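> To start, I am sharing the structure in question, which I have written as structure tokens.
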Amino acid sequence: MPEPAANQAIARSSGRIADRAWTGYLRPDGRKGIRNHLLVVYTVECASFVAQEIARDEPDTHVIGFPGCYDNDYAIRVMLALATHPNIGGVLAVGLGCEYTQPHRIAEAVRASGRPAESFFIQEHGGTRTSVAYGKELLASLRARAAEGAVKVPMTWADLTIGAECGGSDGTSGLAGNPVVGRAFDRLVDLGGSAIFEEVVEMIGLRDLMISRAVSPQAAQQLGATYDKMLSYCKAVRQYSVAPGNFAGGLTTIEEKSMGAFAKGGSRRIQGVIRVSERPPHPGLWILDSVPDEHFMQFGYTNPNDTEGIMDLIAAGAQIVLFITGRGSVIGSAVAPLIKVTGNTRTYRNMTEDMDFNAGRVLSGELTMDEAAAELMDLIADVASGQPSKPERLGHREFFLMYKHQDVPSLEAGCRA
Amino acid sequence: MSVESAASAFQVHASDNVATLLAEAAASVPLQIVGPAPNSTLATREKIELGHKVALTAIPEGAPIVKFGIVIGIAMRPIARGEWVHLHNCRSQLDERSGHFDVHTGEPGDNAYA
């Protein structure tokens, strides 16, 4: 139990955190962003080099895209969710010209959201260099229009959606990294914000615990169905979300890793389950289900890497994602800043240029869990205010998207409606 | 939670039969166990690294390994108090590849690469 003086200090810091506010960008759909980035979207792998070259030396421009020539409803939904994300001010869609996915359809959907957007096929603009030059011209025009359209507005916690993902977990993740993020999630939810965590494949064995956190019978039913689908999927593909690095870091089984991973969800009631490309319908704590639905091709492995999960959270509208890594990682993310948290002080020292926050100080007794969560909330507010996170400063903007099948809305939700 | 000693391990739940090392511990050193149960001390039987687990009691073969108050695996052979609990003596109840990983690096040994 903290001493009374410590309680008062925590209360003071709670008030100070609740009062934090910053300036963001109001979009025509009413959502607010913390960055005003431009986005280049390629619609097939054949256009990806030109897309990357268009964005080269343009610090405000990120690149996303889909490698497949044959289109995929899931992938299109993810790209549209990112192209109309509140951190994005304008979009250029670039295709080769042969593929199924249509750049002009992406641009139209973005314009319908009130943002400037352009598109072209490389085959209609010469080769690599002429296409890159043309793309850079379009980008300059989009940048001018995005700056003109940017409406600066005050923002606070209730305007934020924050995602949490873990990767490279070790024995410290479940004791320090994830619980500190969970405690910050509790505070965000109490302040009216939205918090999303995913990795349902790392909730193995926790069906009853998940359901006990549901806010309503409907949420409990969604959580149970999501768990059951996940377990049958993992059994069918024989993939469990545990990797050699987890083992080396002291985690022995998926069951052990799961309990630690679930701690990042904090302690508040779970409002329900959203699927990839869906946004939480109201604030509070949500679980995102990224496991493929049953489909004749069983498209895709669930959780192929950390970047996919991070992009799923950003596609759900997260303006910032917290990434908890015990072993250490050197990734960032396109569209929204990644804040890297480790519960392992040794990892923090080894990778200080990449790690934003050392929750390992809780294990050494330097900080209480509440003090660490307050410090993390301050860092989140700083990054929301425009301070680059460490991955942003290093120029990271990783992106990953692959074929997958999910019914959106879920078939069950469709039946109920 | 306050942990000063370098040789200490955290027991998350009172029903746990393993605790997690908060810093690396050498073999045959006294290890302080902190957490919800009354603090106690046991002797490590081998070197155990940060984030890895130590057995708090003798665990018979086939018995559950409990951490966070839940079963995280099954003992593959008898485990002594103070022993390192990991891939060589604890397997998942679900993951078929559990039991095929190098105990130190976690590297999978069940793929041919040929």
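> With only alpha-carbon atoms counted, please give the Rg and Dmax of segment A:201-319, in Å.
Answer for segment A:201-319, Rg first and Dmax second: 14.2, 40 Å.
> Shifting gears a bit: Tell me, what ³J(HN,Hα) does each residue in segment A:293-303 have, in order and in whole Hz, if you take phi through Karplus 6.51 cos²θ - 1.76 cosθ + 1.60 with θ = phi - 60° and put x for Gly and Pro?
After applying 6.51 cos²θ - 1.76 cosθ + 1.60, I find 7, 4, 7, 4, 9, 6, 3, x, 7, 7, 6 Hz.
> Name the trypsin sites (Lys or Arg not before Pro) in segment A:30-138 that are in a loop by DSSP and that have at most 13 other C-beta atoms within 10 Å, would you?
Qualifying residues, ordered by number: A:Arg56.
> So what is the diffusion coefficient of segment A:157-416 in µm² per second by Stokes-Einstein at 4 °C and 1.567 mPa s, using a Kirkwood Rh over Cα pairs?
Calculated translational D: 72 µm²/s.
> Can you pull out the GluC sites (Glu not before Pro) in segment B:35-91 that DSSP calls coil and that have at most 15 other Cβ atoms within 10 Å?
Answer by residue number: B:Glu46, B:Glu61.
> Give me the Kirkwood hydrodynamic radius of the protein assembly as shown, using the inverse of the mean 1/r over all pairs of distinct Cα atoms, in Å to one decimal.
Radius from the Kirkwood sum: 24.1 Å.
> Give the percent of DSSP beta bridges with both residues in the protein assembly as shown that are antiparallel, rounded to the nearest 5.
40 percent
> Can I ask one more? Skipping prolines and chain starts, which residues have an amide H placed within reach, meaning under 5 Å, of the one on A:Arg275, given they are 5 or more residues away or on another chain?
A:Asp289
> Expressed as a whole percent, how much of the Cα-Cα distance distribution for chain B exceeds 22 Å? Numbers along the way, then the final one.
Working: 2048 of 6441 pairs.
For chain B, the fraction of Cα-Cα distances above 22 Å is 32 percent.
> If you average 1/r over all unlike Cα pairs in segment B:17-74 and invert the result, what Kirkwood radius do you get in angstrom?
12.0 Å
> Between B:Thr57 and residues 5 or more places away or on another chain, which pairs have amide H atoms under 5 Å apart, with H built 1.01 Å from N, and which residues are they?
When sequence neighbours closer than 5 places are left aside, the close amide H contacts are B:Gly82.
> Now, a different point. Would you please give the residues with an amide H less than 5 Å from that of B:Cys90, counting only those at least 5 places away or on a separate chain, with H modeled from the backbone geometry?
When sequence neighbours closer than 5 places are left aside, the close amide H contacts are B:Met76.
> Sticking with this one: I'd like the Karplus ³J(HN,Hα) series for segment A:80-87: coefficients 6.51, -1.76, 1.60, θ = phi - 60°, whole numbers in Hz, and an x wherever there's a Gly or Pro.
Karplus-based 3J(HN,Hα) across segment A:80-87 equals 5, 4, 6, 5, 10, 5, x, 7 Hz.
> Then there is this: Using unit Cβ charges (K, R positive; D, E negative) and no other charged atoms, how large, in debye to the nearest 20, is the dipole of chain B about its Cα centre?
Working: 8 positive and 12 negative charges, 61 e Å.
The calculated dipole for chain B is roughly 300 debye.
> Reachable lysines from B:Lys53, Cα under 22 Å, same-chain residues fewer than 8 places away excluded?
Within the straight-line cut-off, B:Lys53 pairs with A:Lys257, A:Lys264, B:Lys67.
> State the percent of C-alpha pairs, over all pairs in segment A:32-153, separated by a distance greater than 26 angstrom.
13 percent
> Taking only the Cα atoms of segment A:263-417, how large is their convex hull per residue, in Å³?
On the way: hull volume 19.4 nm³, N = 155.
Value for segment A:263-417: 125 Å³ per residue.
> Would you mind telling me which residue in A:Phe399, A:Phe120, A:Phe299 has the biggest mean-square fluctuation in a Gaussian network model of chain A, where springs connect alpha carbons within a distance under 10 angstrom?
Fluctuation is largest for A:Phe299.
> So what are the ³J(HN,Hα) numbers for segment B:96-112, from phi and the Karplus equation (6.51, -1.76, 1.60; θ = phi - 60°), rounded to whole Hz, Gly and Pro as x?
Residue by residue, segment B:96-112 yields 5, 7, 4, x, 10, 10, 4, 5, 8, 9, x, 4, x, x, 9, 10, 7 Hz.
> Then there's this: For peptide A:173-182, how many partner chain Cβ atoms fall within 10 Å of a residue's Cβ, on average?
Mean partner-chain Cβ count within 10 Å for A:173-182: 2.
Since every read-out is calculated from the coordinates, none of them should be taken as a lab result. The structure presented is a predicted model; accordingly, all values stated were derived computationally and were not measured. Cβ coordinates were reconstructed from backbone atoms using ideal geometry, including for glycine residues, and neighbour counts include every protein chain displayed.
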